[in-house]
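Reading through the C-alpha cells given below for one structure.
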Amino acid sequence: MRFFKHLLAAAAAAFLCACLPPNWFNAPAPAPAKRAAPARLSAEDEKTVERLYYKAVGAYSNNDMPAALSHLDEIDRITTSYAPAAELREKIKSIGVKTAPRPKTP
C-alpha cells in the first residue's frame, strides 16, 4: 500500500510535467515598460528653472516655506521632470509643511 502512494505521486508529477509547456519554469521576465524621455527644455527655460530653484533653496534656507513652495510651483509649471525641485519639495513635506497639489500638465 505504501508503495502505491509513492507510485501515485510519481505518476501525478510525470503527468503534470508532460502537460505543462516546456518553458514554464524558465519563462522570460516581461520587458520593462519604457518611459517617455522628458521634453527637452530650451536654454532660456533651463536658466529660468535653475534661477527659480536657487530662489526656492534660498527661501528654504531662510525658513520661508510658502515662498519656497511658490517657486517650486513655478518650476512645475515649466517642467515636472526637474529632479532637484522634487527633492526639495519632499524635504519641505518631511518637515510637515502642507504643500499644494502639483499643477496638472496639459
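The numbers here are math on the coordinates, done by the rules we state, and not lab data. Computed from a prediction, not measured in an experiment: that's the story for all the values here. Here Cβ is always computed from backbone atoms with ideal geometry, including for glycine, and neighbour counts include all displayed protein chains.
Once the piece of chain linking Ser70 and Lys47 is laid out straight, how much longer is it, given 0.36 nm per residue of separation minus the C-alpha distance between them?
Here the segment from Ser70 to Lys47 would lengthen by 6.5 nm.
Based on the Cβ-Cβ distance of Asn63 and Glu90, what FRET efficiency does E = 1/(1 + (r/R0)^6) give at R0 = 22 Å, to the nearest 0.05?
Calculated value: 0.80.
So how do 67-80, 49-62 stack up, highest first, on mean other-Cβ count within 10 Å?
My ranking of the peptides, most packed first, is 67-80, 49-62.
Defining a contact as two alpha carbons under 8 Å apart and six or more residues distant in sequence, what relative contact order in percent does the stretch 43-97 show?
RCO, the stretch 43-97: 32 percent.
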